[in-house]
There are 2 protein chains.
Amino acid sequence: MENLTRRQQEIYDYLVENAKLFDHPPTHDELCRALGLTSRGSLHKHIQALVQAGLVEPLDRSRRGIRLVEQRDREQGIPFLGTIAAGRPIEAVPQPEYMQVPDELLGGKSCYVLKVRGDSMIEEGILDGDFVVIERRDSADNRDIVVALVNNEEATLKRIEQKPGQVILHPANAGMQSMSYAPHQVQIQGVLRALLRSYR
Amino acid sequence: MENLTRRQQEIYDYLVENAKLFDHPPTHDELCRALGLTSRGSLHKHIQALVQAGLVEPLDRSRRGIRLVEQRDREQGIPFLGTIAAGRPIEAVPQPEYMQVPDELLGGKSCYVLKVRGDSMIEEGILDGDFVVIERRDSADNRDIVVALVNNEEATLKRIEQKPGQVILHPANAGMQSMSYAPHQVQIQGVLRALLRSYR
DNA sequence: AGAATAGAGAACGAATGGAGAACAGGCAAC
DNA sequence: GTTGCCTGTTCTCCATTCGTTCTCTATTCT
């Protein structure tokens, strides 16, 4: 979206205000009077600029033909749900905050964010304190890194290996061991899609 | 990045203040009045210096055409400049793309993005293919991870240790060795602030 | 002295904001 | 119907402001 000039901004602001007060958008003449213009022609150029900027919808040649484009609710990001630490349930934050994540990283899928506690995946470059972006899924491909709920009580971030009648969760830490479960003990809650780390 | 002169700093500070108060940047004339100048021509030279320093975005010949780079970052993301591989100069992409990065990760500083090639920082959880967010700076604290230009020809991402008369760059890979240089051989180009990884 | 920094002022071209005429389509009153 | 009137659109023309470029000068620091 391009930048508006002073005058264009002024007109847009007026339209927004006006929309709150009246059902109908103003005519060009009304706009001219409100803004101190004497020529509809001049005004029209500004309106066109607003159309170009995608802020206004043109209703060709119809009267009061200025509609504000619905401001697409600014994307508030994806929810930050809490902390995941191996051996515990996900510790949810009381009121979910939201985090702006680059679209490139999540590819239009439904995702959420967790903060990693612990070193169980350190050899995969997932460190204590990192934020992981998880795609909501209840199944995963083999070798995916997943959020798994084990025995309905503890949640972990592990690489998954699914064999017939057996599910193995592999940590990436030489000091820890892979654990094997029966399929019904392990519920997949999502698949790792991206990782964010702050060095602040 | 070069140092600003007194006057340039003054102008930059004014622009930052102004940006908080108004939607639109000032015209050159307004700037002149605010700073006690009578000639736009003089001001223009200073603005050019700020553009050169990467603090201001030039909007050629358009009015009120002074955008703080910081502000642009918020709107369209921060520039993805290219690839950094130990032992080579930064390989720039032809036309810089932009990447939307969560504000939380960069804290209002002027930053850019590089893609990491190689395993030199693998033990710090920085893997081949990761994207690193770098704050533009020409100095760093000890133990910071920095983008350093060595002998004006090769760029690397390393942890820095600055001693009197000596600069040591530490990789995080047991198979590699720390390198020691004279201070004038090493030019800091930025400090690691965040990391993004995609598992797609 | 020479370089770096700072400023003045003129001059040019482009962006902006505006005026007004002319045309076209819809709507209501006649 | 058709006759005006209101309104949106298109067009040309104009004035001012503003960014840029240029040359010339002053000050400060090394």
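The values are calculated or read from the model by the stated rules, or taken from the named source; none is laboratory data. Only a predicted model underlies this, so the values are computations on that prediction, with no experimental measurement involved. Every residue, glycine as well, gets a Cβ built from its backbone with ideal geometry; the counts of neighbours run over all protein chains shown. Only protein heavy atoms, including side chains, enter the accessible area calculation; ligands, DNA and RNA are left aside. Shrake-Rupley method; radii C 1.70, N 1.55, O 1.52, S 1.80 Å.
Scan segment A:21-34 residue by residue and report those that are part of a helix (DSSP H, G or I), open to solvent by 50 Å² or more (accessible area, probe 1.4 Å) and free of Cβ contacts under 8 Å to residues at least 12 places away in the same chain. Of everything in segment A:21-34, those that are part of a helix (DSSP H, G or I), open to solvent by 50 Å² or more (accessible area, probe 1.4 Å) and free of Cβ contacts under 8 Å to residues at least 12 places away in the same chain turn out to be A:Leu21, A:Asp29, A:Glu30, A:Arg33. Looking across segment A:146-165, the residues that are of a type outside the set (D, E, K, R) and open to solvent by less than 60 Å² (accessible area, probe 1.4 Å) come down to A:Val146, A:Val147, A:Ala148, A:Leu149, A:Val150, A:Ala155, A:Thr156, A:Leu157, A:Ile160. Screening B:Ser42, B:Ser110 for residues that are in contact with a helix residue (DSSP H, G or I) (Cβ under 9 Å, 6 or more places away or on another chain), open to solvent by less than 50 Å² (accessible area, probe 1.4 Å) and more than 16 Å from DNA strand C (Cβ to nearest atom) leaves exactly one candidate, B:Ser110. Pairs meeting the criteria (first residue in segment A:40-67 and at positive phi, second residue more than 10 Å from DNA strand D (Cβ to nearest atom) and part of a loop (DSSP other than H, G, I, E, B), beta carbons under 8 Å, at least 6 apart or on different chains) are A:Gly54/A:Met1; A:Gly54/A:Val69. Please find, within segment B:59-90, the residue that is farthest from B:Glu154 (Cα to Cα) out of those that are within 16 Å of DNA strand C (Cβ to nearest atom) and buried (at least 17 other Cβ atoms within 10 Å of the Cβ). Step by step, filter segment B:59-90, then rank; the result is B:Arg64. Residues of segment B:35-48 that are within 12 Å of DNA strand D (Cβ to nearest atom) and assigned to a helix (DSSP H, G or I): B:Arg40, B:Gly41, B:Ser42, B:Leu43, B:His44, B:Lys45, B:His46, B:Ile47, B:Gln48. Looking across segment B:172-200, the residues that are surrounded by fewer than 19 Cβ atoms within 10 Å (Cβ to Cβ), within 14 Å of chain A (Cβ to nearest Cβ), closer than 30 Å to B:Gln100 by Cβ and not hydrophobic (A, V, I, L, M, F, W, C) come down to B:Ser198, B:Tyr199, B:Arg200. Looking across B:Ile66, B:Ile47, one residue alone is aliphatic (A, V, I, L, M), away from chain A (no Cβ under 14 Å) and farther than 30 Å from B:Leu127 by Cα. It is B:Ile47. Just one of (1) surrounded by fewer than 16 Cβ atoms within 10 Å (Cβ to Cβ); (2) within 13 Å of DNA strand D (Cβ to nearest atom); (3) not hydrophobic (A, V, I, L, M, F, W, C) fails for B:Gly54. It is (2). Counting only strands (runs of 3 or more DSSP E) wholly contained in segment A:78-171, the ones carrying 1 or more residues that are in contact (Cβ under 8 Å) with a residue 40 or more places away in the chain and farther than 30 Å from B:Tyr98 by Cβ occupy A:78-85, A:145-150, A:154-163.
When segment B:1-34 is limited to residues that are within 14 Å of another protein chain (Cβ to nearest Cβ), touching a helix residue (DSSP H, G or I) at 6+ places or on another chain (Cβ under 8 Å) and not charged (D, E, K, R), the one that is farthest from DNA strand C (Cβ to nearest atom) turns out to be B:Ala19.
Here A:Val101 meets each of (1) within 8 Å of another protein chain (Cβ to nearest Cβ); (2) at pLDDT 95 or above with one exception, condition (2).
Residues in segment B:172-200 that are aromatic (Phe, Trp, Tyr) and part of a loop (DSSP other than H, G, I, E, B): B:Tyr199 only.
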